[in-house]
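Below: the structure, in structure tokens.
The values are calculated or read from the model by the stated rules, or taken from the named source; none is laboratory data. Values in this document were obtained by computation on a predicted structure and should not be read as measured data. Neighbour counts are summed over all protein chains in view; Cβ atoms, including those assigned to glycine, are modelled from backbone coordinates with ideal geometry.
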Amino acid sequence: MDHTGFLVGNLTLDLAIFAWFVAQVIKTVLHFVVNRNLDLKRMVGSGDMPSSHSAFVCAATMSIGQVCGWRDPMFSLSAAMALVVMYDACNVRRCAGEQAKVLNYVIEHWKDMPEEMKRKRLNENLGHTLPQVIAGAVLGSVIGLAGPVIL
């Protein structure tokens, strides 16, 4: 089986990039269906369903397992890093987004604040809920597992 990639010449990285892209397309389409407006910034934005970070790391991890073997230290390292990325998405980045919501509320309601501060909007869409991370992980895992077999 040839493990040459189709984008950058590395199958694992190519599948990770492909999983990220598919997640971003799904995210953009879901945003359109729910909000009835096409926001192409969703194609590169973080947050929302599914987690493209989870899809990216899980596709890489699963393809490493497929290509190198499930007992290979590279798979173990990749799995550990995937868990860190997904934990961060659910916890650290999610909390940062919640803090941004509070700060944006304060900015909107604090009458004595200088005008330049009132115009500053913080990004509230940083993290993911657990279902969003799981959806991204499943998407990436399927792409990472199937890619080496199909390609």
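Quick look at the numbers
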{"quantity": "Failed item in (1) over 26 Å from N10 (Cβ atoms); (2) within 17 Å of the chain's Cα centre (by Cα), with N37 passing the rest", "calculated": "(2)"}
{"quantity": "Matching residues in the stretch 31-51 - criterion: being at pLDDT 90 or above and either surrounded by 14 or more Cβ atoms within 10 Å (Cβ to Cβ) or within 19 Å of G97 (Cα to Cα) (or both)", "calculated": "F32"}
{"quantity": "Residue list for the stretch 116-132, filter: over 30 Å from V67 (Cβ atoms) and either at pLDDT 75 or above or of a type in the set (A, V, I, L, M) (or both)", "calculated": "M117, L122, L126, T129"}
{"quantity": "Odd one out for L145, checked against (1) closer than 23 Å to V44 by Cα; (2) modelled with pLDDT of 75 or more", "calculated": "(1)"}
{"quantity": "Enumeration of residues in the stretch 59-116 that are within 25 Å of D14 (Cα to Cα), among the charged types (D, E, K, R) and not in a loop (DSSP other than H, G, I, E, B)", "calculated": "D88"}
{"quantity": "Residues being acidic (D, E) and exposed (fewer than 15 other Cβ atoms within 10 Å of the Cβ) - total across the stretch 70-89", "calculated": "1"}
{"quantity": "Cβ-Cβ under 9 Å pairs, at least 6 apart or on other chains, the stretch 29-41 side closer than 19 Å to S52 by Cα, far side of a type in the set (F, W, Y) and in a helix (DSSP H, G or I)", "calculated": "L38/F32; D39/F32"}
{"quantity": "Test for A135: is it at pLDDT 90 or above, within 23 Å of L7 (Cα to Cα) and surrounded by 15 or more Cβ atoms within 10 Å (Cβ to Cβ)", "calculated": "no"}
{"quantity": "Residue check, S54 surrounded by 12 or more Cβ atoms within 10 Å (Cβ to Cβ) and out of contact with any helix residue (DSSP H, G or I) (no Cβ under 8 Å at 6 or more places or on another chain)", "calculated": "no"}
{"quantity": "Pairs where the first residue, in the stretch 6-26, is modelled with pLDDT under 95 and the second is among the acidic types (D, E) and surrounded by fewer than 18 Cβ atoms within 10 Å (Cβ to Cβ), C-beta under 9 Å, 6+ apart", "calculated": "L11/D2"}
{"quantity": "Test for P73: is it within 17 Å of A146 (Cβ to Cβ), at pLDDT 85 or above and not acidic (D, E)", "calculated": "no"}
{"quantity": "Inter-residue pairs, beta-carbon under 6 Å, first free of Cβ contacts under 8 Å to residues at least 60 places away in the same chain and in the stretch 80-95, second surrounded by 12 or more Cβ atoms within 10 Å (Cβ to Cβ) and aliphatic (A, V, I, L, M), 6+ apart", "calculated": "A82/V57; V85/V57; M86/V133; A89/V133; C90/L130; C90/V133; R93/L126"}
{"quantity": "Residue list for the stretch 11-48, restricted to those being in a loop (DSSP other than H, G, I, E, B) and in contact with a Ser or Thr (Cβ under 8 Å, 6 or more places away or on another chain)", "calculated": "L38, D39, S46"}
{"quantity": "Residue that is closer than 20 Å to I134 by Cα and either of a type in the set (V, I, T) or exposed (fewer than 15 other Cβ atoms within 10 Å of the Cβ) (or both), where the choices are V92, V67", "calculated": "V92"}
